[in-house]
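In what follows, a structure is listed as structure tokens, so that the remarks can point back to it.
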Amino acid sequence: MQPFLDGLRQLLGPADLLTDPADMAPYLTDWRRMFSGPALAILRPGSTEQVSAAVGLCAQHGVAIVPQGGNTGLAGGATPQGRAPQVVLSLARMTAIGTPDPIGMVIEAQAGCILQRVKEVAADCGRQLPISLAAEGSATVGGVIATNAGGVNVLRYGMARDFVLGLEVVLPDGTVVKGLKPLRKDNAGFDWKHLFIGSEGAFGIVTAAVLRLTPATRHRSVALLSVQDLPAAIRLLGLFQDRIGETLSAFELISADAIRLVETQCGLGAPVSGGSWFLLVEAASSLDGLPAAVQATLEAAYEAGLLQDGTLAASEQQAQSLWALREHVTEAESRCGKSLKHDVSLPLRRMGAFLESIQARLAGLAPAARLNIFGHLGDGNLHVNVILGDTPLSIASRITGMVHDLVAEAGGSISAEHGLGQYRLADWQRLTLKTERDLAIDIKRAMDPKGLMNPGKAVPGTSHRQ
Ligand code: FAD
Ligand code: MLT
Ligand code: ZN
């Protein structure tokens, strides 16, 4: 491999080809320390041309590539898996952001840009990029696109896919495909960019994107509410949909246990009591009259007996501290030791029975474990995470298998927004129709005939095609 590494060093310069184990270590483990794997080197290209040349060298030498953005992913997609010769290719140095077009409502950004920074640049010209997640201070544009990230605003604005107008990608042989069009309408042939969105780096590397912006909303109302049970939460969602319709921009569910965890682990306090479930509800609009409409909806909810307690933020500062409770759930969970992520979506009407079955089965399978349930109820996506406590790691796959079996029985998805990565790939193979699996493998073979792009993630290897 020496000629290969020498070629890369010449291309990238010694500072951006890391081979020292201590320098490589942060790139070889995910932030939760659930996954780790070996690599020959870490590549840190600074331009699309360098990505293309580096990928070309890897193809020549038969070396696999693991693309990496902010390494905030929750499915082990950005961590090497298996023992094939492989490198991690970090996009972290590619951080250029173009001047936004406020009337055309578009912005161009390189793959390594931090999502929050792009949002700030959009906000400076009175527009918004409403892809919102607690990891936005570290997640990158490339990673968000490669995972088709969701987040808290999906019920109103859709997933990352809905914001991508144009893409620039590097194919597994090093070819650059420049598709950075700022067009909202473009039916001129097959829309290839969708192959890359949500493909978790299995088909190529995203190097830049043109993203759609939306008008900034001038007013927002944020409330933290508590309800007795899940049916009340779902009825409340219906009430908000009826009364404030398209202005509803977040409807997040947080279990009382998850709120307790945030309080004890992160030192935050919830100004609302009672109930088994909390809801973080946000509405936003550019038109006047929103606060009165939200207030009237809350009064109707109290009258209908749906609410136990609640508070409506009276200032932007209060709104932010209510949001902080929701945004700290993942951190609070990670402070409790190892946990298993279950990122499920299912029809709302199946949610209650599904959660009851999980509670009952988990008590039998892993009595020392506890559930940490929260998520994006407004779009049918819950994070049914399991904090392991003293449960042996050896039964982790049985717990996850049990949850995923119940999801499949309820007609849901085992990955609503985080992707398969290496974590869910085996269960996806087990629970997905053969025709669907084979189609994914056939597309992978066509896109990446040597199987060098992010092996062991997102798509089964070609040997699984029967
Ligand atoms: P990475 O973790 O580096 O990579 C993720 C995947 O994308 C890997 O498969 C990697 O190989 C691939 N990839 C990365 N960059 C590229 C590229 N340029 N080209 C091709 N492939 C690439 N996710 C949600 O969807 N919704 C949430 O609400 C949410 N909340 C989160 C909250 C917290 C606190 C944390 C830590 C994570 C959360 N996530 C959430 C998960 C994660 O932040 C997202 O998946 C994010 O999109 C990953 O971006 P990243 O740059 O960190 O990608
Ligand atoms: C979130 O919504 O906060 C994350 O996607 C969920 C998680 O950390 O499990
Ligand atoms: Zn989420």
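Would you check if LEU340 is within 28 Å of ARG156 (Cβ to Cβ) and either touching a residue at least 24 places away in the same chain (Cβ under 8 Å) or away from ligand 1 (no atom under 16 Å from the Cβ) (or both)?
Criteria not met by LEU340.
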note = Flagged in the stretch 383-401 as more than 16 Å from ligand 3 (Cβ to nearest atom), in contact (Cβ under 8 Å) with a residue 40 or more places away in the chain and buried (at least 18 other Cβ atoms within 10 Å of the Cβ), in numbering order, are ILE387, LEU388, ALA396, ILE399, THR400
message = I'd like to check something: does the stretch 433-448 contain any residue that is buried (at least 16 other Cβ atoms within 10 Å of the Cβ) and within 16 Å of ligand 3 (Cβ to nearest atom)?
response = no
ask   = Across the stretch 294-315, what is the number of residues that are of a type in the set (Asp, Glu) and in contact with a strand residue (DSSP E or B) (Cβ under 8 Å, 6 or more places away or on another chain)?
value = 1
query = Is one or more of the residues making up the stretch 89-97 β-branched (Val, Ile, Thr) and either part of a loop (DSSP other than H, G, I, E, B) or within 8 Å of ligand 1 (Cβ to nearest atom) (or both)?
reply = yes
query = In the stretch 32-65, what residues are touching a Pro at 6+ places or on another chain (Cβ under 8 Å), within 11 Å of LEU8 (Cβ to Cβ) and not in a helix (DSSP H, G or I)?
reply = LEU40, VAL63
ask   = Do the conditions hold for ALA458, that is, is it away from ligand 2 (no atom under 16 Å from the Cβ) and under 21 Å from LYS193 (Cβ atoms)?
value = yes
The stretch 399-433, residues that are in contact with a helix residue (DSSP H, G or I) (Cβ under 6 Å, 6 or more places away or on another chain) and in a loop (DSSP other than H, G, I, E, B) = ALA410, ILE414, LEU420
request  = Any residue in the stretch 319-333 that's on the phi > 0 side of the Ramachandran plot: show its pairings with residues that are within 14 Å of ligand 3 (Cβ to nearest atom) and among the charged types (D, E, K, R) at Cβ separation under 6 Å, as long as the two are six or more apart or on different chains.
outcome  = none
note = Of (1) touching a Leu at 6+ places or on another chain (Cβ under 6 Å); (2) crowded, with 24+ Cβ neighbours inside 10 Å; (3) aliphatic (A, V, I, L, M), MET105 fails just (2)
inquiry  = Of everything in the stretch 350-380, what is without any contact (Cβ under 8 Å) to a residue 24 or more places away in the chain and either assigned to a helix (DSSP H, G or I) or within 12 Å of ligand 1 (Cβ to nearest atom) (or both)? Give them in sequence order.
reply    = GLU356, GLN359, ALA360, ALA363, GLY364
ask   = What are the pairs, 6+ residues apart or on separate chains, where a residue within the stretch 142-158 that is over 16 Å from GLU327 (Cβ atoms) has its Cβ under 7 Å from a residue that is charged (D, E, K, R) and within 6 Å of ligand 1 (Cβ to nearest atom)?
value = ALA146/GLU200; THR147/GLU200
Residues that are of a type outside the set (Lys, Arg) and under 23 Å from LEU425 (Cα atoms), drawn from the stretch 318-354 = THR330, SER334, SER339, LEU340, HIS342, ASP343, VAL344, SER345, LEU346, PRO347, PHE354
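None of the figures in this text is laboratory data; all of them are computed from the coordinates on show. These numbers were taken from a predicted model, which means no experiment stands behind them. Don't worry about glycine lacking a Cβ; one is built from the backbone with ideal geometry, like all the others, and counts go over all protein chains shown.
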